[in-house]
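Just below is one structure, and these are the notes that go with it.
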Amino acid sequence: MTCALIPDGMLILFIFAVGACVGSFLNVVIYRLPRDMSIVRPGSSCPSCKTPIHFYDNIPLVSWFVLRGKCRQCQAKISPRYFIIELITALLFIFVYMVYFMTSMRKGVGGFFDGGFLLYLVHIIMLAAFLATSAIDLELQVIPLTVCWLVTAAGIIGSVLAPFFYEPVMIRSYDLFPMASAKTSIMAIGALLGLVVSMVLLVKGKIKPSYIGQDEMENPDTENAQTPQEDDENYNHRLEMLKEVIYLLPILIGAFLAYIIYKNISPFQDWWIDFSQRPVIAGLCGSLWGYFMGCTVVWTTRILGTFTFGREAMGLGDVHLMGAAGAVLGPWPVVVAFFVAPFFGLSWALISMFFKKIRQIPYGPFLSIGLFVVMILHDAVVNWLQFLQYR
């Protein structure tokens, strides 16, 4: 339900316009971020002649058509990607709005002006960010970590704020935001402490980072960039995975020890149940647990695949992407999305074979599509999982 003073059509038109503007900003991010350029300054300019673009030539969707896809000054062609990204973003904005607030596909969301805007905002931030990472991944085969960190922060902040906009029982019943039980809360905190230990050991040089190469040194805010060593067939990828296993050990040990303490010290368990089930704490820990589960499902595949085949399987950028998604959606949606994504990858491979345009493409876009599908079909997926559980 929307505000009675604002007709649905007008609000949808406004959301479409906002989405197109966000898409215009995403074009800046897609071009500048992987090239280590500021996304704020200088203003937009023609990639060919470097002439600054005036505001009347930078109107999302409209200007590209008015200029017929060419620079006003030098007549150089402007890639249709700019228009496509703006259009896709605008359509995403209104599609998610309509699914959440104008259909019964997602129950419990409530009205847009009655708290539902928080869920919409967090989810649309994730989708917009992953659209940008997918475009970057397709072009350069890198996933900027700063974008993943932004999504992670949005997920954690949204989960902490959710109890101020929804009744906690509604959040849990309809799985609107991640909320952890006492057991998963203590494991999330233990894993977080283990992560801090791993990071300190890494900074101190006690743990060696994997895949150190010239590309990574030049662009430390991206992952998945191939290094010269990775192209060497004789390069020992299993040794690099062993380094990552060592890095992960404190995290696993931290989660395990926290669970043991919770299960075996009754006074602490009673206090922790009371403390951790306060809505804000449960939301914080739920988002953290979703982050760790999202990382786990990809990192496990990466490690096992590399040990099995002797080649790097998946990239660390995919780990960060799914961790960020877990912070927003919670643990089970990212696990389901991870197993949905291969179907889109297989479809692309079949199409490529049919048109004889077979080339290796990154996996990030397929993970993003899988996450989008699970997010939109959330209630249907829940019903399907419950059916399998009680079958």
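The values are calculated or read from the model by the stated rules, or taken from the named source; none is laboratory data. For clarity, every value in this text was computed on a predicted model and none was experimentally measured. Backbone-built Cβ (ideal geometry, glycine too); neighbour counts: all protein chains shown.
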*Report, by residue number, each residue of segment 48-93 that is within 23 Å of Val142 (Cβ to Cβ) and either surrounded by 12 or more Cβ atoms within 10 Å (Cβ to Cβ) or under 22 Å from the mean Cα position of the chain (by Cα) (or both).*
Ser79, Arg81, Tyr82, Ile84, Ile85, Glu86, Ile88, Thr89, Leu92
*asked:* If I ask for residues that are under 12 Å from the mean Cα position of the chain (by Cα) and under 15 Å from Trp299 (Cα atoms), which ones from segment 318-336 would you list?
replied: Asp318, Val319, His320, Leu321, Met322, Gly323, Ala324, Ala325, Gly326, Val334
*Does segment 308-324 include one or more residues that are at pLDDT 95 or above and aromatic (Phe, Trp, Tyr)?*
no
*Answer yes or no: is there a residue in segment 218-234 that is modelled with pLDDT of 80 or more and hydroxyl-bearing (Ser, Thr, Tyr).*
no
_Selected residue [over 23 Å from the mean Cα position of the chain (by Cα) and surrounded by fewer than 15 Cβ atoms within 10 Å (Cβ to Cβ)] from Pro250, Pro267_ = Pro267
*With the checklist (1) more than 27 Å from Leu121 (Cα to Cα); (2) of a type outside the set (Ser, Thr, Tyr); (3) more than 22 Å from the chain's Cα centre (by Cα) in hand, flag the one item Arg35 doesn't pass.*
(3)
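This table checks each residue for (1) among the aromatic types (Phe, Trp, Tyr); (2) farther than 17 Å from Val336 by Cβ; (3) not assigned by TED's automatic domain parsing to the domain that holds Val334.
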position	(1), (2), (3)
Asn264	no, yes, no
Phe268	yes, yes, no
Arg278	no, yes, no
Gly283	no, yes, no
Tyr291	yes, no, no
Cys295	no, no, no
Thr308	no, yes, no
*When you scan segment 245-363 for helices (runs of 4 or more DSSP H) that lie fully inside it, which ones turn up with 2 or more residues that are over 17 Å from Trp149 (Cα atoms) and of a type in the set (Val, Ile, Thr)?*
279-309, 331-354
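Out of Ser173, Ser181, which single residue is of a type outside the set (Phe, Trp, Tyr), surrounded by fewer than 22 Cβ atoms within 10 Å (Cβ to Cβ) and modelled with pLDDT under 95?
When all the criteria are applied, what remains is Ser173.
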*Got a sec? Which helices (runs of 4 or more DSSP H) wholly within segment 129-217 have at least 1 residues that are within 18 Å of the chain's Cα centre (by Cα) and not assigned by TED's automatic domain parsing to the domain that holds Ala282?*
145-161
_All positions within segment 96-123 that are free of Cβ contacts under 8 Å to residues at least 60 places away in the same chain and assigned to a helix (DSSP H, G or I)_ = Tyr100, Gly116, Phe117, Leu118, Leu119, Tyr120, Leu121
*Working only within segment 22-47, note down all residues that are free of Cβ contacts under 8 Å to residues at least 60 places away in the same chain, in a helix (DSSP H, G or I) and buried (at least 16 other Cβ atoms within 10 Å of the Cβ).*
Phe25, Asn27, Val28, Tyr31
_Looking for something in the same structural domain as Gln141 (by TED's automatic domain parsing), touching a strand residue (DSSP E or B) at 6+ places or on another chain (Cβ under 7 Å) and either outside any loop (DSSP other than H, G, I, E, B) or surrounded by fewer than 17 Cβ atoms within 10 Å (Cβ to Cβ) (or both) - is there at least one such residue anywhere in segment 5-12?_
no
*asked:* Taking the conditions exactly as written (assigned to a helix (DSSP H, G or I), without any contact (Cβ under 8 Å) to a residue 60 or more places away in the chain, of a type outside the set (Lys, Arg) and in contact with a helix residue (DSSP H, G or I) (Cβ under 6 Å, 6 or more places away or on another chain)), does Phe83 satisfy them or not?
replied: yes
